[in-house]
Structures are given as structure tokens and as C-alpha cells.
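Read-outs throughout are calculated quantities, based only on the coordinates presented, and are distinct from any laboratory measurement. Just so it is clear, the structure is predicted and the values come from calculations on it, not from any experiment. Note that each Cβ is placed from the backbone with ideal geometry, even for glycine, and that neighbours are counted across all protein chains shown.
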Amino acid sequence: MKTSKKILFGCLSAALGAAISEGFLALFALAYPIDTVFLVHRFSAEAPYFFSLTEAPPEDKNQDPLLGWRNKVESGVTENGWRQQREPALRSSKRRIAFVGDSFVFGVGVANEETLPHFLQEKLGTEYEVLNFGVQGFGIDQAALVTTHILPAYHPERIVFGFIADDLDRSCTDFSFQFRKPYFKQRGGELSLEGIPAKSRRAVFLENQNFFAWVTGGLKTLLSHSRVYALGAQLPLSFQRQHCREKLGPAILAQAVAYAPAPVLLLHLDGKLPSSFEPALRARNLDFISAVDALPNVAAERSLSLDRQPDGHPKAEMNRAYAQFLYDHLLKEKRTASRK
């Protein structure tokens, strides 16, 4: 009896201490730096989402067992989820350049003729065919799977792998944008692909309809909104994020390049990368360029605006500047190759 009372007293004391700490942190708005909030919700997003559902979600038409999801089929998006006016043929008599990447490549918030791939098509002319395989919300792991598993069927001559800094974080999780997704684990320098096939939201919801899942989901939901939890999770999650950006990210890109059906140009479009990131790519002899620092000069030379949409995505003229930067690089490559 005394032992039971001690355990109960200990639990109540811990709960009271947590409540007092929570109230103190909330009162003084402490322990909620934006990076911590972002990390906590990024790495513990699945349980709160499914805990909030009261009924099984419908089957997702854009859910994909390999990639997690594809673009929703709508105007300007083909039945396979690619941003083209029509489904591209598997082979073409033209020289093909294929883009892979996230929403910056896809072109969120702009028309098909205002995307980065389209503007590059205009610069290159009719000798080339530029294909857009960008998907909204993708991490570099998912873009890497497009590179190695989807693009071989389309026989590109060159691949442009566009990414932003946040795409490195997305590769750290198996759940993003309310979808299960594949992810890579790094063991002893080797990568293993996990989470395949990715389950649909409906399947995940139905397999968690039991009391234990309900209790654990509720606890995780509570913790994901706790300032005390955010403070305690900051250090381990920061280490995990650092590993994703500095170790896992370059390893995924290196593997994508190694198994790609054509030479790959890694194109950094936005966000601050770790200082060790570019040296890690150079050490692997990967073809990498960053548009971030060069873009203001490119835009100024051609009187282009670098205005963004409210959510941070580029407007049309900024995409045109990206395309000009990339075209200049490809032209320089061609001239260098012709001298050899």
C-alpha cells in the first residue's frame, strides 16, 4: 500500500510540476523559438493528425505507394501527376531535360507557362523538350526516387535536380503533409529505403482503431503542443536535423546521381544550406550549383523582379530569373566541352 501511494504521489507531483512549468513558460512566452516548434511538429505530426480524425478518410487518388503522393490531377497536370499539358511519350526525337524537385520546380501559384522548366524550354528552343517532374511538398528523398525509378522510362539526356534547404528536413520523416512517405536510413555509410510501400491515410487510420493506439495518440497529441516537451526535445531534434542536413542529405543525393539514367545537375534554389553541405557534395564529385547568391545579379541585368508570393514561392519573373541563371550555366558548360 505504501509503495502504491508513493507511486501515485510521484505521478501527481510530476504532473503538477509539468503543469506549473507549462504555465510559467506560457506566461513569459519562453521555450517556443520558431525552430523548436517547427521541429517538434515536423517530427511528431502523424499521431496528432490521426487522433483528430473521427472517421476513416476516403482513399486518396494522388496517394502513391512508392513516392508517398503525386500532384493532384487538375488542369495542367497529367493523369500520372506530372506538370505537363499532356502526358509525355516515353521516347522523343528531341533532346530531353527532366526536372525533379519540390514545389519550386512544380511552380506553385503560377501558370504552366510561368514555371522554371517552361522558361528554360523557351530559352533552349524546339531542339529540346523540357519535362517537369516536380511534386509539391517533396523532400530530396522522394525527388531521388523519381530520379532513379521514374525517369529511366523517359530517357532524358540531362536531369536538373532542384531543391531548397527545407527539402533536407523533409527527408528526416516518414510522415509529411498528412501522407505517409518513404525515407532513407543511414547505417554504416549505407542507405536503406524504408516505408515502402507507403500506406494510404485510410489504411493507417483503420489499423490504429484500438484502445492502445487511441491512448498513445492522445498522449503524443498533448506532448506536441507542450512547451515543456518543446524545450526538452529541442536538443535531440536539433541533432537529428543536423544529421539530416549534413550527412543524410548528401548521401541521398550521391546515390540518386549514381543510379540516375543521365547526368544530374544539383540546383540549389532557396534557403540557407549548412556550411559543410557544398564541400560534402564536392568531395563526392557531384555537379552542384546554387542560384541563391547569383540570382539578384541575374535579375538586375535583365530588369526582372524577384517578388515572391505570400507563402514564399517565386512569382513568374523570379522563375524566369532562375531559368536564365540555369541557361547561362548550361551554355557555359557547352562552351567548355567544345574546347576540349
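Odds and ends about this structure:
- For the pair T336 and N80, label points projected 7 Å from Cα toward Cβ lie 3.2 nm apart.
- Taking 12 Å as the cut-off, the amide N atoms of region 133-174 that come nearer than this to a point 7 Å along the Cα-to-beta-carbon line of D287 belong to 157-161.
- Annotation: the residues F106, F138, sorted from fewest to most other C-beta atoms within 10 Å of their own C-beta, follow the order F106, F138.
- The aspartates and glutamates whose alpha-carbon is closer than 12 Å to the alpha-carbon of K123, local same-chain residues fewer than 8 away aside, are D328.
- Mean sequence separation of contacting Cα pairs (under 8 Å, at least six apart), scaled by the length of region 196-340, corresponds to a relative contact order of 13 percent.
- Global geometry of region 231-340, whether rounded, prolate or oblate, following the gyration tensor of its Cα atoms and the 1.5 cut on a/c: oblate
- Pairs beyond 30 Å (Cα-Cα), from K72/K94; K185/K332; K199/K247: K185/K332
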